[in-house]
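Worksheet: one structure, shown below.
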Amino acid sequence: MNGCKYIKERIDEAEKPDLLSFEVTEHLGQCDDCERFAIERAALRKLVAGGTRVSAPINFDAMLNARLAEVKARRSFWRLGPTAYLRLGAAMACLVVMIFGAQYAGLFSGNNVSPPNRSQARTPASALTPIPDDDKPSTSNLANLSPAPVVAGVIGRQYPVSSGTPRVRRGDVLVGRAAPTGYLTAEDGGVVLVRGRNGDMDIQMPTVSVGAQPLLYVSAGQRTVRNVGTSF
Amino acid sequence: MAAVTHQAQAIELGGSRSVEAANDHELLAAIRDGDEVAFQELVRRYRNPITNFVYRMLDDYDRSVELAQETFIRVYTSASRYQANYSFSTYIYRIATNLAISELRRRKRRKTVSLFSPFTNDDGEAIEIDPPDLNMLQDEALIANERRSAVARAITSLPQKYRAAIVLRDVEGLSYDQIAQTLNLSEGTVKSRINRARNLLKEKLSAYI
């Protein structure tokens, strides 16, 4: 009979085996096969549903609470969980990179330079010697530098350096005292490379911009300024 | 437990409603805020259905109780992540189903052999051996007990994918929609699986129908 498959599907999908729609009931009155199917399905569903329903044991709650306490104790130790620890680690790595970056950019530099004493710190621009165009920086030039302390300025301006400049050693800080004559001041900005007997020393000033800076070599004895490369 | 129930009655949820009057979503929200009484109430509501469901899946009472407890522990620990898109019963049955299926898979890996179905057919399905009992039946209780055992054996001999669907439908009485959400399947697939499971059960339980 046509529609039996459809009717059997409706019988199977019925919320309860004895609650069939009018359409299905009407069909069952005419079709023995579908009626047999409906009776079988009802018996089967009753049989399956009528099996023993087990209940939780009496001590279910006590056992559950004990296990839950165990889980809580474990969670308090590993409260964050692996994912959270991974995120924390990534955040810490980012923080370290940021700190190094900031330190590299000089944001944490404690070498604050004292306020400039313009009258002492600067010499009139007329005293400067222009940079010879053909004076290219070379390794041999740098190797033959005078052992006397010299200062290289890294700015668009050129500064004279007096031969009587006191030697600046690594670790010398200009905080709290006036900059000696011939030194660059904070207001001037830029990276100062001090070259002396004890090696090189970078003094980073608050106005330094981030990035490669040109390094100019100023020879105190010869009063010349040469471009010797970039700051890194 | 009685003390907990009295406590549940005494403590008010949300300022005006008691824990027992609160619906499942409200209880979950209270659990999220660390309300232990709300959790106890949720356990009281679902411990028997969940234990029964897992028991029907595994046919092992002790292990069913353990997995039911594990279900509640997961509900508690993931309460903060619970999203009330579906009914809570769907959510908790899904957890229980996943645990039961994992247990069945673990057992399958262990290759345990049932005394009632030591052989499998070409499809890997267990072939049940039901030797006739020639002894006289004692009384109705024994008959009923025998029938229940046969039903339990028939259900546990079903393939895993059919078993969860038929137990949720015919034992726990969930709707097709809820079963589809619980098993993460389409409603059509659920209907098909239930139909197939009933046909298999009809073959196995023909003597009792």
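Taken residue by residue and averaged, Cβ atoms of other chains lying within 10 Å of the Cβ of A:39-50 number 6. Mind scanning A:Lys5/B:Lys204; A:Lys5/A:Lys46; A:Lys16/B:Lys191; A:Lys5/B:Lys108 and naming the pairs with a C-alpha gap bigger than 26 Å? Pairs exceeding the cut-off: A:Lys5/B:Lys108.
Among the residues of A:8-20, the average count of other protein chain beta-carbon atoms within 10 Å of the residue beta-carbon is 2. On the beta carbon distance between A:Glu23 and A:Glu70, with R0 = 51 Å, the FRET formula returns roughly 0.35.
Which whole-number percent gives the relative contact order of the range A:1-89, counting Cα pairs below 8 Å spaced six or more residues apart?
21
Counting Cβ atoms of other protein chains within 10 Å of each Cβ in B:36-48 and taking the mean gives 2.
Each value in this text was obtained by applying a stated rule to the coordinates, not by laboratory testing. Keep in mind that this is a model prediction, so the values were computed, not measured. A quick note on method: Cβ atoms are made from the backbone with ideal geometry, for glycine too, and the neighbour counts reach across all protein chains shown.
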